[in-house]
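To start, the structure itself, in structure tokens.
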Amino acid sequence: MTRITPELIFEKGYDGMKNNFVPKMDVEEVDLNAILPPEFQREDIDLPNIPEFTIVRHFVNLSEKNHSLDRSIYPLGSCTMKYNPRINEVTARLPGFAQIHPLQEENDGAMELIYNLGEQLREICGMDAFTMNPAAGAHGELTGILIFKKYFESKGLKKDKIIVPDSAHGTNPASSVMAGYSIIELKSNEFGEIPLDQLEFAMQGGDVAGLMLTNPNTVGIFDRNITKITEIVHKYGGLCYYDGANLNPIMGVSRPGEMGFDIIHLNLHKTFATPHGGGGPGAGPVGVKEELIPYLPCPQIVKGTQGLACIEQSDTSLGRVRSFWGNFGVLVKAYTYIKALGAEGIKRAANMSVVNANYLRSQLQDIYDIPYNANGRFNMHEFVMDCHLPNGVNAEDVAKSLLDRDLYAPTIYFPLVLHEPMMVEPTETESQRDLDKLITALREIYELAKINPEQLKFAPHKTPVGRLDNTYAARKPVLKK
Amino acid sequence: MDYVPHDDTEVSKMLAAIGVNSIDELYQDIPKNLLIDRLNLDAGLSEPDLLKEITELSQKNTVYSSSFLGAGSYYHYIPSLVDFVISRSQFYSAYTPYQAEASQGFLQAIFEYQSAISRLTELDVTNASMYDGASALAEAATLTTFHTRKNKVILIEGIHPEYIDTVKTYCWGRSIEVEIIPLDQLEHKITPDIAGVCFQSPNFFGEIENAEEIVNLVKNVNSKTLVVQCMTDPTCLGVLTPPGKTGVDVFVAEGQSFGLPTSFGGPSLGIFAVRKKYMRKMPGRLIGLTKEINGEREGFVLTLQAREQHIRREKALSNICSNQSLCMLATLVYLVSMGKTGLKEIANQNFQKTHYLKQKIAQIPGYKVLGEKSTYNEFVVKCPNFAKLASSCKKHGILPPLELTKYFPERENEALICVTEQNTKAQLDEFLTLAKEAAL
């Protein structure tokens, strides 16, 4: 058989044509060599000229090979794939937002939006101040952990370890290391909860800066001991960091600040409905309690006696984490979303994310192994199933088989507290009818595992390509053409 | 307006299926004292009311009809098809392509982006993008220390001040030593224990540095020391010698100029390209070509993930997980829309129009162009009265240049002027007239 290669955009050009995207050259042109030494000039660029319509067709065809939330449920656990309201796209593109320069002085509307979004998030999270600078959740984590570092440095305390549970997102330990910390990993219990005795033992070492925690955790369970956890950390002088990846089910219901957290980052692209865009752009605002405000990154927008003011630099701040203000366009979308929902809407969204997750669980738990269902506890926004199906059908097979049913697959092989984890987060914007499609598919796959496991093990069959070879890709990487 | 589809009947049915009587029961794990009644936020708004309110807020920002401000964010023309492509649901509402078979569209687009940037820079490997130019430079500085196992980086003056601050923050996090020196001291300061040397060209003041000379200076002292070049406006690559040709090891740039609006500084993307030998030390996502396990069709997957946080956790080289995918897509569409001819013409126009203004403003009594080197689309002018020039620009709907005092308090009345292909001759002449008046 001959290899069937995808047709790349670079094969669609014509040397002798060009598009009309360059304005008229209306100044008198001088010989370029007179203003730029020839040795600084390149010869050719290996990029084709491609007719505009060919480009449009190319990308429309590519897009049709891509599953998306707007097509059907996209139940990736811990990713909160909720509907992205179209109004948000309109507001972010208003000329007064999209066309303004980050260094222009006439920016009252932008400053007000950033400040007001911070106020909204303060109220939702129970924190005292927010920075909008971080560009993504992971960037927010790094910023938050650098706040830890600055805080302890300013107190003259040497603390070089951070506690992270084994069920945490990989970014937690990775971010901590970027701030110079080493990791103490705590083994969580079957509910993904923190064992208090081990936490206390770890804190007693005296060199621990604090704890990073997601609550509800990655198996979707709210840690009932949350107040005791933060008390233990504080008792030994540590700080508590809240990874806001899973804020969605508790916004408007309970506040991380009141649970005892000192620092929080949010993922506006998850909780606040800005589009995921195939993996960004997101935004990762970081909120802190009063005592930590001096260490926030710059620039900071603050309310002074004369209205809003900007702190460009300060001696106590940890410095800058990126250029300019942050992913402003994303902030506009999140602000629009919060304004649309208001106090009631935010709570209802949280509530329904919990109802949807528990409904899904209730319709699957008789056949799928959902480890904590016997204990009468409910999940928050997501749950994890251990996908040991008959005849050795595993989580990957189930995932690929969902693709054949025109549904996207939940997160698989995370968190690795189970062997064949599948982490399901439906979000509040799926109707019962849409949830039932996923339930029907998952039940059908289970039945098929009994009678025709081979079909599942070789899935997907209906996607643009069949199951791809990851090992082959890594062995001799081809990363460009 | 909460975008929740269910009505009360459906909710009751679902609660019954779960086996509870109320939503509150589902929250039984949350201690009572942590529950709140109602957020102290306004009530939600209907879409028309919302649009009205937010439009009014946007109008508190001034939108100018022409601009002479750059300094890291640029007004270039964006072809109409760019926003059309990135607005397609299939791209905009998808996420990280974990399920490759159902994500071939985005994966191929990223692969094409990696290819397009590698072709433009003539470097071997490009990642799927970073947050922005500043954080990309910070990660590049970190990479040099991973590769050399040395712990000090040198930054050459002329790097965007906000990028320098960002590098300092990241390096402080990892206890990496940073020294900032003027270019003419590099020869004296470079020692074999340096992990990397970072420079910007065209630099913050628009000047084009001799990249090859910098590379030679560094490599003569220690061939293993990495040289990192950064750029705030990579449209200049339409004309300038690409980093792959000058011997630079790592290239990073702010990608906003390639098809993204200024949008008050974000979102955009950080471009990150390296020579092959640094591939396994580079941060960020990479897409590779592969084939079916049981077939002969080729396809694309996330690859070399063993560098990344979700596999390596605390041993990962960076914590970055998602990239700036949709911005990256805009950049790809921009680059292929322009094509090689368009890219050359844009770069040439930026050179030419900037040269025009530079020549003319130098002839106005009281104005002095500073610096001897060739410049791309920015240059520094000493003005007789910057404040007067700026205020008269604003009166005429023109966004004035940056006064360098923003970053260098001692450099009063020095303007960093930016000209792009978007500035017409009429706009340039109007600016010159205002400059003349401001000198009186």
Kindly work out what percent of the DSSP beta bridges joining two residues of chain B are antiparallel, to the nearest 5. 55 percent
Using the Cα gyration tensor of segment A:39-97, with a ≥ b ≥ c the square roots of its eigenvalues, what is the shape: rounded (a/c below 1.5), prolate (a/b larger than b/c) or oblate (neither)? prolate
One finds, for A:Asp386 and B:Lys189 with R0 = 51 angstrom and r their Cβ-Cβ distance, a FRET efficiency to the nearest 0.05 of 0.30
Between B:Asn294 and B:Glu410, what length in nm is gained on full extension when 0.36 nm per residue of separation is reduced by their alpha carbon distance? 35.0 nm
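Determine, from the Cβ-Cβ distance of A:Arg57 and B:Thr424 and an R0 of 30 Å, the FRET efficiency 1/(1 + (r/R0)^6), rounded to the nearest 0.05.
0.35
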Between B:Tyr77 and B:Glu372, what length comes free when the chain is fully extended (0.36 nm per residue of separation minus the Cα-Cα distance, one decimal in nm)? 103.3 nm
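Run the accessible area of chain B with a 1.4 Å probe and give the carbon-and-sulfur part as a rounded percent.
Values: 6990 of 14440 Å².
The C+S portion of the solvent-accessible surface of chain B is 48 percent.
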With every protein chain present, what accessible area does B:Lys344 have (1.4 Å probe, heavy atoms only), rounded to the nearest 10 Å²? 70 Å²
State in Å² the accessible area per residue of segment B:372-432; use a 1.4 Å probe, count heavy atoms of protein chains only, and round to the nearest integer. 39 Å²
Classify segment A:342-470 from the C-alpha gyration tensor, please: rounded if a/c falls under 1.5, else prolate or oblate depending on whether a/b exceeds b/c. prolate
Indicate, rounded to the nearest 5 percent, the antiparallel portion of the DSSP beta bridges found entirely in the protein assembly as shown. 60 percent
With every protein chain in place, the accessible area of B:Glu122 for a 1.4 Å probe, in Å² rounded to the nearest 10, comes to 60 Å²
Give the shape of the protein assembly as shown as rounded, prolate or oblate, defined through the alpha-carbon gyration tensor: a ≥ b ≥ c are the square roots of its eigenvalues, a/c under 1.5 means rounded, and otherwise the shape is prolate if a/b is larger than b/c and oblate if not. prolate
Selected from B:Asn151, B:Asn348, B:Asn21 as most flexible by GNM, with chain B as the system and alpha-carbon contacts under 10 Å: B:Asn21
Could you tell me what percent of the DSSP beta bridges with both partners in segment A:219-369 are antiparallel, to the nearest 5? 75 percent
Can you give the helix-only mean residue ellipticity at 222 nm for chain B, where every DSSP H stretch with n ≥ 4 adds -39500 (n - 2.57) and the sum goes over all residues, rounded to the nearest 500 deg cm²/dmol? -12000 deg cm²/dmol
Please report, ordered by residue number, every helix of chain B (full DSSP H runs) that is 30 Å or longer along its axis going by C-alpha atoms and whose mean Kyte-Doolittle hydropathy reaches 0.0. B:325-362
Loss of accessible area when B meets A, both sides summed, Å² nearest 100, probe 1.4 Å: 17900 Å²
With label points set 7 Å from each Cα along the Cα-to-Cβ direction at A:Glu454 and A:Asn20, the distance between them in nm comes to 5.9 nm
Say each of A:Glu112 and B:Ser22 gets a label point 7 Å from the Cα, pointing the same way as Cα to Cβ; how far apart are those two points in nm? 4.0 nm
With every protein chain left in place and a probe of 1.4 Å, what is the accessible surface of B:Met1, to the nearest 10 Å²? 80 Å²
Can you tell me the accessible area per residue over segment B:181-325, all protein chains present, probe 1.4 angstrom, in square angstrom? 29 Å²
Within 10 Å of each Cβ of B:161-170, how many other protein chain Cβ atoms are there on average? 5
Mean residue ellipticity (222 nm) of chain A, computed from DSSP H runs ≥ 4 via -39,500 (n - 2.57), nearest 500: -11000 deg cm²/dmol
For B:Leu440 and B:Ser87, what is the calculated FRET efficiency with R₀ set at 51 Å and r taken between the beta-carbons, to the nearest 0.05? 0.55
Counting only protein chains, not ligands or nucleic acids, how are A:Ile338, A:Ile311 ordered by accessible area (probe 1.4 Å), most first? A:Ile311, A:Ile338
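Quick check for you: with a 1.4 Å probe and neighbouring chains kept, what is the accessible area per residue of chain A, in Å²?
Values: 16470 Å² over 481 residues.
Normalised by residue count, the accessible surface of chain A is 34 Å².
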Quick one: with all protein chains in place, what share of the accessible area of chain A is carbon or sulfur, to the nearest percent (1.4 Å probe)? 48 percent
Dipole of chain B, positive direction: furthest Cα of B:Ile23, B:Thr232, B:Asn210, with charges on the beta-carbon: B:Asn210
Could you put A:Lys270, B:Lys277, A:Lys289 in order of accessible surface area, largest first, with the 1.4 Å probe and the full protein assembly present? B:Lys277, A:Lys289, A:Lys270
Sorting B:Glu179, A:Glu344 by accessible area (1.4 Å probe), largest first, what list results? A:Glu344, B:Glu179
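The values are calculated or read from the model by the stated rules, or taken from the named source; none is laboratory data. Small disclaimer: the values here were computed from a predicted structure and weren't measured. A quick note on method: Cβ atoms are made from the backbone with ideal geometry, for glycine too, and the neighbour counts reach across all protein chains shown. SASA here: full protein model, heavy atoms, side chains in, ligands and nucleic acids out. Shrake-Rupley method; radii C 1.70, N 1.55, O 1.52, S 1.80 Å.
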